[in-house]
Structure formats: structure tokens, C-alpha cells
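Student: The structure under discussion is supplied below as C-alpha cells; questions concerning it will follow.
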Amino acid sequence: MQKKISVVGASQNNLKGIDFQIPWYQLCVVTGLSGSGKSSLAIETIHSESRRRYLESLSTYARQFLERIDKPNVLSIDGVPPSISIESRNSVKNSRSTVGTLTDIYDYMRIIFSRSGKIYCPDCDMECASLSNENIFNNLFLHYKNQEISICISKDNETKYSTLRKIGIVEAIVAGKTVLIDKNNKDALEIYPLIDTISINKKNQSRIIESVELAFGLSKTIYIFNKKKSALRTFKKEFCCPSCFTEFKRPSPNQLSFNSPDGACKECKGFGNILLPDLNLIVSDKKKSIREGCIGILGRRSYGHDKKRFMEFCSRRKINIDTPYDALSKDAINLILNGDDKYKGLTGFFKRLERKRYKIYIRVLLSKFRTPAECKSCQGSRINPIASKIRFGDRTIKELCSLSIDKLLKFLVGIKLTKKDRDIVDEPLRQCIERLNYLVEVGLEYLTLARLGRTLSGGEAQRVNLAQQLGSRLTDTLYVLDEPSIGLHPKDIERLLKTIKNLRDLDNTIVLIEHDLDIISKADWIIELGPRSGENGGRLIYCGPTENINTKKESITNKYLTGNLFVETPRQRRSSTQKLKMKYASKNNLKKVSCDIPLNCITCVTGVSGSGKSTLIKDCLYGNAIREYGQSYESPGNVSSISGLHNLKEIVMITQETIGTSNRSNPASYMK
């Protein structure tokens, strides 16, 4: 069998029955003008046929649960390996998915923390351990100093009466009294054989410790009684807090997962935040007073009774309803939000609405006036209190997930472990370090493992998936990547190309849909489609080694590679006197950035990956500006002021997301 992918008569979409070959274990670039048929060739023909063949290999029973894939419009395809397609768009919609779960790093960290982490008491914040006899004495001395106590054990079925008599234990506490153990009471339900009666002080320390040791030799539980023979407390030779003696068990990896009911925080259900009323959304116009209707939701007819109660509350607490909202004192605003003993304010109003959220229109209404706030129960860790207190290298799992990838990698590489702990976590620790290295190689060292997957850009999501595939170390696999260099600064493209070549060197075949000239020039094999777009495209211009493309004079790609064609720099730039002025923007890694953006011009915001471009424009500028137009935005950045918006009629955000959400959508229906 020849080691190549052979395609004959590919006619999918606008492809014109082309024939081509792709050698195995090489980096192949599919290039051409937009709309020339690159995706039709790489994804809808090669990758689609590979998926179809895999599904055909399954049983009829299994196939009925999977999506049916039609055979692509092609005469024959030979030599297609199992394929994986990584597209340049973010398909993650789940609010639980993070960079850590997408790359499987968080799964390995759960194993590390469950096996080798140190458990701390969530109430006392002290490291838990198995009780020593000295710990028990110290606790008794702390709470019962100079008091006379009785140390007893629980008599189970395995403890025989004759055994106790042989070692000198002849008394027991039964029903609050000290009695001799005999045939009449030895089988009583609540009988506590007496080990020792002694006063708690430093002089008796050694005797108390010996008695405790003897007690634990006979029973798993010891009981402490006072002089009146009332039970004071119990001790077990178990894993517990040395201060409050609360018992703990080493958690399983599942109990550190926020995707599992066993591990997720009960308050926020594993999301890390809860939705709370946001005054910035509730107050529609801060320049208006309460009487003028600054709180728009109370102006609805269906909430007339609630408005009446609110106005009576303002009158009783002497809140001026004729003062503009932004001129009210902090105390007045706090009262409006939280109320008092008789009236619970706007928070109470929204809690009453929450009880009716089984109605669709109530859920829609609530979504307009609430924003996520960090869960107070788990402090944003998303897992239960006990699991969130486990530490590895004196760091909790939340603290490690909040570190940037490069800092986390440095921490795990430099951590010092005992030989026993190293043997326990050697493999999961190695997997974590290896996958973190892959994330650094693809230029994502600025991300954190706690970063939500749905907040990643299309290019970032694709590189996260690429790093995950590198970590799985598959071989003899076909990878189809859709423009992996999209959104990358030239500085980061070299590292991306190195990662792709590492994937190829694992005996994999790589097919890239690409426009970047640097990547095209360093490919092993080039397929160029053209000569134009749409109906005038879909023809094979060139298919062969990169070094031979200069023999094709009709190749547009060759003309750009040789410098015969290039993008001209404009001789004259447009200028403008009108500007948008944004001051002290801060969010994520932005450090109080101030900038001027000229209107009626093309302004380019650039920088290396992770420098804050999207945060500056999308979260800070757009997120705050659309509020001036009566729209809401989830978690905008902090901005001191934005001036110049009066020069705009509307502000529109155009992203790389798909424009249609329905199978009925088409360009004509979208354009209306």
C-alpha cells in the first residue's frame, strides 16, 4: 500500500472534479482565495469521508445513536487515516468547561490532590492528621485542666469479659454509675469498661498517655466521662482535625470535580458564581430620580403593588425620591438595595421573583437585571468546602488554577516532594507538566486553567485543542486544522509552527487550511485552489512539494511568495478630529489603560497574544458603551469614563461567530 491519500473526482460544493494526492507524515497546506474550495476539500471531503468510514465500522446498534454522515461527492478516496478536525471557532457553550478541563490537566490535578494533598479543616484551617496520644492529652489539658475524668472504651462483641479481667479491668460505667463488671451487666447495651480515673495535670501526663494507648489497643473509640459520670467527648484513632477533632476521609478525585454532584459546591452548583441583582442594570437612567422612574422594572403595571410598597419604604426611611439617583448617598443606595427589617429592598423583590422562575417570562425578565457574582460559599473554587481546602505544595487547587500557565509550569517543575509522595503522583504530575509545556509552545502561556472555555477566541480555542491533541500523543492520525494562525501576532506564529511540526513528527499527517505566507513557505506539500472564488474557483492550480511551486506561473500564491505581488501601503492616511476617549480601563491583565480612538477612520489594535486587545475593545469599550444605548453586557471592564459617544448613532460588535443559529438561515434571510 502506498503511503499517501489519493482523491479522484472531488466535486463537493464548488470543486470541479479534481484529482490530487497528499503524502503521509507530511505537513500539507491547502491555500487559495477565500471561497475557492479549501474547506470543501479538506473538511467536507477528506475529513468527512474518514469520519463516515469510522462510523460504518461500528455495529448497527451503535450507529443508531450517532449522527448520520453522507458520503462526500467524490469518485474514490484511498489511504485516508483516522482524522481529527480542529476548526478556528469556539464551539464551547458550557459555562462549566475551562481550559483545565478541555486539556485534561484539571483531571490529572484532581488525582494529585486526592492522593498527595494535605487536608485542612475548613473551620479551623489546621492540617488534619491521625490523632496521636500526645494530641489527645493536649486537648484534654486544654479543656479539662485539673478536673477528674474517667477514660473508658466501648465494649464490642469482639472484646470478651475474661480478656478485660486478665489485664485488670474490672469496673465499667453503666447508666451513669461505676459498677463492677459481672455476668449480670457484661452484656448491657451501654457499658463502658473503665480504663483509668485520673486528674488532668502535667504531673499525670505520662500516666494519661499510657492509659489512652491501652484504651486504643482494646477499642477503636475511647470515651471521656466527668466526675458525675456524664459523657464529655469521644476520641477515635482516625484522620481528623487536631483542634476540633472533626473526622475526615481522604477524598476521591471525583470529589474535587465541579462537574460532579459529589464535588460541586452546593450553593453555586459548580459554576463558581451566583446571579445577583445588579444596580447598574436595574437603574436604567442614573440621571433620573426615583419619582421620574430611574428604576424601570417598578414602572411595569404588573408590579404596581411592589412600587407602592417601595415608595412607602422610601418615605419611612426618608430617602428623597426627587433627587437624581447618582446624587444619592451610599447609605441611601444600600437601603434601596438591601432594605431593612420590614422591607427587604430590591434584593427581596428579586428573591420573590426567583420563586416564580418556573415561568419563562420571569426567567427572561430576571436575566436582564442580574449579573454573576463570586459564590461566597466556595470563594469561586466551584468545589465543596473540604476539597477546596486541600493543599499541594502549600497551594489549593483554586490557587493553582488561577496562576498563568507559565507560572503554574514553573511551580510544578520546581516543587519538592518526599520520595513517597513522588512515587504516588509521579505519572499524573508528569502528564500535567507535559501538557502545560504544549500550551506554552502554542503561545497560550498567559491563560489560566480557570479561564472559561466559552470566553476563548476562535484562535485560542483551536490552539487549546491542538495542545490537547499533542498531550494525547496519537500516531498515524490525520489532523485537519482550519487556519490555526488566525489572530496570532507574527511573534507567536513561529512557536505555533514548531508545535504543528512536533505533531507531524509523531508520525501524523497534517493538513492546514492557511493563508499565512510564513507557514505556507515552510510546509512540505502545497495544494492551491483557484483561480477565483465561488463558481469561478474549485480548480486545482498546484499540488506538489513546496520547492516546486515556482514552476506554476499561474499560481497567485507563488507570486506572493516570490514578492512579485504584495499588499501596497497607502500613501496617505485619513485623519479625524472627532475621537472616542476612554480613561483608565482595567480588566484581566489591563493596567488602567487610557486611549483615544479617532472616528471615521480604520483603527488597528494589535499586540502579542494575551496582551489584552479583546479585553480593551470588547469588554471595556463595547461593554460599557452599549449601556449608554440601553443594552446590557455581562461583566464589562472597569472604565473611569468614555467620552465622544454622542457622535455615534449606534455601536455594533462584529465577531467571528457564526451568524445563523437555525438550519433555515441563509444570507438572504440574515440580510433581511
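The values are calculated or read from the model by the stated rules, or taken from the named source; none is laboratory data. Remember, predicted model here, so these are calculated numbers, not experimental data. Cβ sites come from the backbone with ideal geometry, for glycine too, and all protein chains shown count toward neighbours. For the accessible areas, the whole protein counts, side chains as well, though only heavy atoms, and no ligand, DNA or RNA atoms are used. Shrake-Rupley method; radii C 1.70, N 1.55, O 1.52, S 1.80 Å.
Student: For the chain, state the average projected area of the convex hull of the C-alpha atoms over all orientations, rounded to one decimal in nm².
Tutor: 46.2 nm²
Student: Can you work out the FRET efficiency for the pair K3 and D70, with r the C-beta to C-beta distance and R0 = 22 Å, to the nearest 0.05?
Tutor: In this case the efficiency is close to 0.20.
Student: Mind checking the per residue accessible area of the chain for me, 1.4 Å probe, whole number of Å²?
Tutor: Result: 56 Å² per residue.
Student: Let me ask another. Debye sum, Cα scatterers, region 436-496, no solvent: what log₁₀ I/I(0) at q = 0.15 1/Å?
Tutor: Result of the Debye calculation: -0.45.
Student: Follow-up. Looking at the chain, send over the antiparallel percent of its DSSP beta bridges, to the nearest 5.
Tutor: Around 75 percent of the beta bridges assigned by DSSP in the chain are antiparallel ones.
Student: Suppose only helical runs count, i.e. DSSP H with n ≥ 4. What mean residue ellipticity at 222 nm does that imply for the chain under -39500 (n - 2.57) per run, divided by all residues and rounded to the nearest 500 deg cm²/dmol?
Tutor: Per the formula, -8500 deg cm²/dmol.
Student: Something else: Would you mind telling me the share, in percent, of accessible area of region 518-618 contributed by carbon and sulfur at probe 1.4 angstrom?
Tutor: Roughly 49 percent, rounded to a whole number.
Student: Rounded to the nearest 0.05, what FRET efficiency do C244 and V179 have when you use their Cβ-Cβ distance and R0 = 51 Å?
Tutor: 0.95
Student: Hey, another quick one. Show me the ranking of peptides 109-116, 447-454, 517-524 by mean Cβ neighbours inside 10 Å, starting with the highest.
Tutor: 109-116, 447-454, 517-524
Student: Given R₀ = 51 Å, what would the calculated FRET efficiency be for S377 paired with S533, taking r from the Cβ atoms and rounding to 0.05?
Tutor: Plugging the Cβ-Cβ distance into 1/(1 + (r/R0)^6) gives 0.40.
Student: May I ask for the angle, rounded to the nearest 10°, between helix 133-143 and the longest principal axis of the chain, with both axes built from Cα atoms and the value confined to 0 to 90°?
Tutor: Here the helix axis deviates by roughly 70 degrees.
Student: Taking 8 Å as the Cα distance limit and 6 or more residues as the minimum spacing, I'd like the relative contact order of the chain as a percentage.
Tutor: 20 percent
Student: Treating the angle as unsigned and between 0 and 90°, give the value, to the nearest 10°, between the Cα long axis of helix 419-441 and the longest Cα principal axis of the chain.
Tutor: Helix 419-441 and the main axis of the chain meet at about 20 degrees.
Student: Shifting gears a bit: Kindly express, to the nearest 10 degrees and within the range 0 to 90, the angle between helix 405-414's C-alpha long axis and the longest C-alpha principal axis of the chain.
Tutor: Value to nearest ten degrees: 50.
Student: Below 8 Å between Cα atoms, with a sequence gap of 6+, how large is the relative contact order for region 1-65 in percent?
Tutor: Across region 1-65, relative contact order equals 25 percent.
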